[in-house]
1. Taking 8 Å as the Cα distance limit and 6 or more residues as the minimum spacing, I'd like the relative contact order of the chain as a percentage.
2. Leaving out same-chain residues fewer than 8 places away, which aspartates and glutamates sit with a Cα under 19 Å from that of residue 204?
3. Just how far, in whole angstrom, is the range 241-306 from the range 313-344 if you go by their alpha carbon centroids?
4. Work out, step by step, the length gained on full extension between residue 34 and residue 308: first 0.36 nm times the residue separation, then minus their alpha carbon distance; give nm to one decimal.
5. Which lysines, on any chain, are close to residue 348 with Cα under 19 Å apart, when same-chain ones fewer than 8 places away are left out?
6. With unit charges on the beta carbons (Lys and Arg positive, Asp and Glu negative) and the dipole taken about the Cα centre of the range 43-117, which residue among 84, 103, 74 sits farthest to the positive side?
7. Counting only DSSP beta bridges with both residues in the chain, tell me the antiparallel percent, nearest 5.
8. Any chance you could list the semi-axes, whole Å, largest first, of the equivalent ellipsoid that the Cα gyration tensor gives for the range 161-275, using √(5λ)?
Amino acid sequence: MKIGLVCPYDYSFPGGVSNHISYLAHYFIQWGHEAKILAPSLKKDTHYFEEQVTAVGRPFPIPFGGSQARIPVSPWLPVQIGSILDREHFDILHLHEPFAPMLPISSLLKSNCINVGTFHAYYNKARVYWLGKPVFRRWLPRLHGKIAVSKPALQYVSRHLPGEYRIIPNGTNTDFFTPGGPIRQELADGKLNILFVGRMEKRKGLGYLISACAKMKRTFKDFRLIVVGPNTRLRRVYQKMAEDLELSDVVFTNFVPNSELPEYYRTADIFCAPATGGESFGIVLLEAMASGKPIVATDIEGYASVLSPGEEGLLVPPKDEKALANALVSLLKDGTARQQMGTKGRAKAEKYSWENIARQVMDYYNDLLQ
């Protein structure tokens, strides 16, 4: 089978969608299929495995949904993608965020094979689907198969683009993220470590976590907050916030390559995901679970679809610094609970291995082809 995988965002910039696509391509190739990725890419030689990547368009950062979408904007892009599709003759064209501008939409309109769309996003408001609903509904029949990565993602898209969707979740690399292996020795000094991994954007909730840590210091002092994520303009704001709150045990890492990320998870005693919303799934939660770590996360739909409260971790209301502080302190004081939750988390993560997820997607392709 010849499969084209269309990525809407800059493939050279780490993100959940590009990560998802790279793992699908990896396993498809391992199973003897031909898989090619079409994506905008600032660094045109970017590869995560053995996948073939055709760079289409130059990505530009555009603010959207509390984040930045790095997408190509060019009047020539539809012509370019049309030529590529005419040359490749794919059996399946799998478009991720199929109505995202401009690459997925152009690919959908130019494609003459079986088209599959995966919908990743979830927002509290309908935003783009509401604005583009009349046009998108006209194009929706061009998708022969539709996938949502979670129930929240399904509810979000089907509200305005109703139809039959199959839920196939995101995955995690359970061979890469493991409880055993190297740790960050400079952070293994006896203090209990709370780990945050994510972009320093307001919706990721880092400000609430820093405030919660300040509250915790009044009753529990022997812990450290480790912040791992790409630098943004807000980094200095959060550093200043920690200084003003007299939090000396906050470590902001420099750039951390993906190869070193498991070391930070293993060094952590608790993983914390305090996002305020806009998450369709909890990929970082799965990484922490695969690493055998207990989790304190906010009770938002994307996270609640992955984590069972009291099993792999605890859920607290978003933007509630006091509840966040209380949950973190309760786990910091209870080593037995941390160990039990970490063990349960690892068991759940195994069900989300990328090999299992890729097999579900391949089975869906075969259903459509038949």
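1. Averaging sequence separation for qualifying contacts and normalising by length gives 15 percent for the chain.
2. In chain and number order, the partners are 279, 287, 299, 301, 320, 321.
3. If you average the Cα positions of each part, the centres end up 13 Å apart.
4. This chain segment gains 94.9 nm when fully extended.
5. 151, 293
6. 74
7. 10
8. Equivalent ellipsoid semi-axes, largest first: 27, 20, 14 Å.
Any read-out appearing in this document is the output of simple, stated calculations on the displayed coordinates, not a laboratory observation. Keep in mind that this is a model prediction, so the values were computed, not measured. Note that each Cβ is placed from the backbone with ideal geometry, even for glycine, and that neighbours are counted across all protein chains shown.
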